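No value in this document is a laboratory result; all are computed from the given coordinates. This structure is a prediction, so every number in the text was calculated from the model and none was measured. Please note: Cβ atoms are built from the backbone with ideal geometry, for glycine as well, and neighbour counts cover all protein chains shown.
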Ligand SMILES: [Zn+2]
């Protein structure tokens with residue numbers, strides 16, 4: 001059975017026109033005006049007055065990640081279902097083997113966890129240490145396992161973080177394998193030292209979390225990351241940038257001719273550090289790393305979007321319940337599991353506060369949420385595009401819709417939303433994944449395990 005989406009305003013990263021999309025066998029079969037049903041059993045969606053754009057590709061999620069003594073509360077099933085409800089049809093999650101663990105063993109573990117996903121997914125590989133076999137395992141990932149991006153952490157000293165010596169080795173091995181290096185940039189030693197000092201002074205509440213990791217600590221690490229990449233001659237993708245200092249570091253590297261990609265997230269564009277003043281431990285919901293920044297940085301980030309410095313907007317989706325999880329850090333903010341939910345809200349928030357606010361046009365919106373993530377991570381044109389032969393992953397977005405984000409109504413498995421009360425414009429009327437309608441009129445119609453692992457080709 002085919003699917004015909006008619007009369008919508010089709011938007012890609014470069015075009016915008018009224019037309020039809022015909023899907024068959026899970027793929028886009030035709031795009032153009034005046035398309036007809038090919039069989040009487042074809043399903044028809046009238047998208048008049050709505051946008052039709054490629055399903056979102058979230059380049060940064062952490063489903064069921066074991067972290068800080070607990071595990072992220074969305075698993076691959078609930079997390080991808082929430083993604084689909086928000087118009088995201090592909091996530092790129094992170095396989096995260098621990099220090100001392102083989103990358104390939106870690107990969108098997110994550111592929112097993114991810115089997116229950118309802119939407120397609122790809123994986124980045126975390127490299128949290130460098131041993132005798134690491135270089136060979138990185139090469140194996142690129143050549144045979146469909147994994148071409150490798151993430152390390154300059155923060156989280158003593159846990160999953162790496163120091164500069166290790167990072168140089170990891171980057172060189174990734175370069176030799178033809179992979180892309182991704183980095184979480186914060187100066188791990190400074191953070192550890194500030195945390196120790198604050199706790200010893202009895203400053204244990206969540207509001208001291210941002211004090212322990214100020215923006216210049218991120219800016220310094222971002223600059224150092226580009227210096228290390230320069231020495232090695234490696235391509236770099238900087239995840240979740242939050243501040244002016246990081247934007248400057250990335251821009252300087254690009255002016256030197258380096259290939260550096262930049263990602264930010266809705267929470268850094270839309271929230272400021274006044275969230276840490278919330279009473280009754282509610283501030284813990286906003287404890288993530290890097291932290292939410294003082295006001296001023298948000299406009300710099302929007303400026304970074306306007307200037308084309310940002311390639312992608314991801315979410316760093318990594319939810320934890322307030323009850324039973326965030327509470328682990330009631331007596332010590334350094335023990336609050338870092339992270340929050342967001343995979344469902346990305347498109348709607350960026351449409352509302354980006355497109356409707358005049359900060360970007362629809363093409364740029366599609367580029368940030370779908371096309372560039374697909375291109376940078378080797379999923380394009382199968383994902384992030386509307387062309388014959390691409391996967392039939394599409395969003396029908398009704399711009400006349402309105403809503404309010406709330407933990408009471410979201411699909412995330414989490415008892416808090418960091419965007420609680422945010423008004424949003426437009427709504428996902430339909431999500432199509434692999435040619436099937438998986439979300440319509442507010443209702444999910446997904447199947448556990450329907451998602452496929454998407455292998456990415458070596459360059
Ligand atoms: Zn992350």
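Output the antiparallel fraction of DSSP beta bridges having both residues in the chain, as a percent to the nearest 5.
50
When the helix-only estimate is applied to the chain (DSSP H runs of n ≥ 4, each -39,500 (n - 2.57), divided by the residue count), what is the mean residue ellipticity at 222 nm, nearest 500 deg cm²/dmol?
Dividing the helical sum by the residues of the chain leaves -7500 deg cm²/dmol.
At 0.36 nm per residue, minus the direct Cα-Cα distance, what do residue 30 and residue 14 gain on full extension? Give it in nm, one decimal, please. Numbers along the way, then the final one.
On the way: separation 16, 0.36 × 16 = 5.76 nm, distance 1.78 nm.
The span from residue 30 to residue 14 would gain 4.0 nm if fully extended.
Quick check on the exposure proxy: order 186, 263, 248 from fewest to most C-beta atoms within 10 angstrom.
Arranged by neighbour count, lowest to highest, 186, 263, 248 become 248, 263, 186.
Take residue 327 and residue 204, extend 7 Å from each Cα along the Cα→Cβ direction, and tell me the distance between the two endpoints in nm.
1.6
Report the gain in length on full extension from residue 357 to residue 46: 0.36 nm times residue separation, minus Cα-Cα distance, nm rounded to one decimal.
Taking residue 357 through residue 46 to full extension adds about 109.2 nm, to one decimal.
So if we plug the beta-carbon distance of residue 255 and residue 211 into 1/(1 + (r/R0)^6) with R0 = 41 Å, what FRET efficiency do we get, rounded to 0.05?
It comes to 0.80.
Could you tell me the calculated FRET efficiency between residue 459 and residue 398, based on Cβ-Cβ distance and R0 = 45 angstrom, to the nearest 0.05?
0.70
By what distance, in whole Å, do the Cα atoms of the chain stretch along each of the three principal axes, largest value first?
71, 50, 41
Computed FRET efficiency, Cβ-Cβ of residue 101 and residue 406, R0 60 Å: what is it to the nearest 0.05?
It comes out at approximately 0.95.
Multiply the residue separation of residue 335 and residue 109 by 0.36 nm, subtract the distance between their alpha-carbon atoms, and state the gained length in nm to one decimal.
Separation in residues times 0.36 nm, less the Cα-Cα distance, equals 78.8 nm.
Across the stretch 47-188, how large is the tail of the calculated P(r) beyond 20 Å, expressed as a percent of all Cα pairs?
49
Given contacts defined as C-alpha pairs under 8 Å and at least six residues apart, what's the relative contact order of the chain, whole-number percent?
Result for the chain is 23 percent.
Using only alpha carbons, build the gyration tensor for the stretch 196-274 and give me the equivalent ellipsoid semi-axes, biggest first, whole Å.
Output for the stretch 196-274: semi-axes of 29, 15, 9 Å.
What percentages, rounded to whole numbers, describe P(r) for the stretch 81-149 computed over all alpha carbon pairs with 5 Å bin width beginning at zero?
3, 17, 27, 22, 14, 9, 6, 2, 0
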